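What follows is a set of notes on a single structure, which appears directly below.
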Amino acid sequence: MTDRLHAFEAIDNFRDYGDYATTAGRRVKPGRLLRSAHHARASEADLERLKALNIGAVVDLRRPGERRDQPSRRPEGFSGEVIEGGVDDGAEAPHITFLKTADLTPDSGRRFMTQTYRSLPFDASHQDVFGRYFQALADQDRTVVIHCAAGKDRTGFLAALTHHLLGVSRDDMVEDYLLTNTAVDLAGRAPGIAKQLHKMTGRVASDDAIVAFLGVEAAYLDAALAELEARHGSVDAYLKEALGVDAARRDRILERLTA
């Protein structure tokens, strides 16, 4: 699985979420679906590598305030579509508020993440960007890169929706989702992140609490999928009713991304 990971100097969690078998006996094309953390710190070498990927669309799932605070860097001559959205209400990102105000324990981190995932599919700004992402998959044959801040939650959920639509098995979907924990090496980075958090907020968190909050667990994704199934009846119904992915659009995506 680790051959999915792309090593960049200053872009974290960059990897290919294609190249999986599908239940229809086909395979998702490699090199067409890429996911990562934000690109604000991309080095010149990183930009050159991005330029070589033939990117047709970048889907930035961050809030307007996140994009303003850490603006993306793009390769020179970038010609792809940039898909982003959200209402700039000036509000602090929920995860920052949590880090500043909540009890920083593994249990509180897991509760926060579970609740975040339950509401994530129904945020109007997310639905708008998700829908435009699937439209881009239907309309063009170049590489698409999706990212948020850390490339794990919003990005992970959208990648999982894509896997479902393409017919990737649930086991492979979850395995791909959990690869964030390998790509980012949270256990190794937790002490440094805890020090940064203390500097930013004056608050102390254990390494276990950092890993619970900044890592991913299958239960988080399960919570999101269970909630959308409860509200819409199925993932397919959610894709159609909330994101506009009807049968015709699904067929175009399958034609372009599987072989």
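The values are calculated or read from the model by the stated rules, or taken from the named source; none is laboratory data. Remember, it's a predicted structure, so these values are computed and weren't measured experimentally. Note that we place each Cβ from the backbone using ideal geometry, even for glycine, and neighbour counts take in every protein chain shown. Heavy atoms of the whole protein, side chains included, go into the accessibility calculation; ligands, DNA and RNA do not. Shrake-Rupley method; radii C 1.70, N 1.55, O 1.52, S 1.80 Å.
Pull up the stretch 23-40, narrow it to residues that are in contact with a helix residue (DSSP H, G or I) (Cβ under 6 Å, 6 or more places away or on another chain) and open to solvent by less than 20 Å² (accessible area, probe 1.4 Å), then point me to the one that is nearest to Gly156 (Cα to Cα).
By that ranking, first place goes to Arg35.
Being part of a loop (DSSP other than H, G, I, E, B) and either open to solvent by less than 10 Å² (accessible area, probe 1.4 Å) or under 15 Å from Val59 (Cβ atoms) (or both) is the filter here; which residues of the stretch 153-175 pass it?
The answer is Asp153, and nothing else.
Out of Ala190, Ala205, Ala194, which single residue is open to solvent by less than 30 Å² (accessible area, probe 1.4 Å), outside any helix (DSSP H, G or I) and touching a Ser or Thr at 6+ places or on another chain (Cβ under 9 Å)?
After ruling out the rest, the residue left standing is Ala205.
Quick one: is Leu137 part of a helix (DSSP H, G or I), of a type in the set (A, V, I, L, M, F, W, C) and modelled with pLDDT under 95?
Values: part of a helix (DSSP H, G or I): yes; of a type in the set (A, V, I, L, M, F, W, C): yes; modelled with pLDDT under 95: no.
Spelling it out, it is not the case that Leu137 is part of a helix (DSSP H, G or I), of a type in the set (A, V, I, L, M, F, W, C) and modelled with pLDDT under 95.
Within the stretch 80-98, work out how many residues are of a type in the set (A, V, I, L, M, F, W, C), modelled with pLDDT of 70 or more and surrounded by 14 or more Cβ atoms within 10 Å (Cβ to Cβ).
Residues flagged as of a type in the set (A, V, I, L, M, F, W, C), modelled with pLDDT of 70 or more and surrounded by 14 or more Cβ atoms within 10 Å (Cβ to Cβ) within the stretch 80-98 amount to 2.
Could you grab the pairs with beta carbons closer than 7 Å, sequence gap of 6+ or different chains, first residue in the stretch 233-255 and under 19 Å from Ser125 (Cα atoms), second one among the polar types (S, T, N, Q)?
Between residues of the stretch 233-255 that are under 19 Å from Ser125 (Cα atoms) and residues that are among the polar types (S, T, N, Q), the close pairs are Ala242/Gln127; Leu243/Gln127.
Write out, first by first residue and then by second, each pair whose Cβ atoms fall under 6 Å of each other, whose residues are 6+ apart or on separate chains, and whose first residue, in the stretch 215-228, is within 22 Å of Ala149 (Cβ to Cβ) while the second is assigned to a loop (DSSP other than H, G, I, E, B).
These pairs meet every condition: Val216/Lys152.
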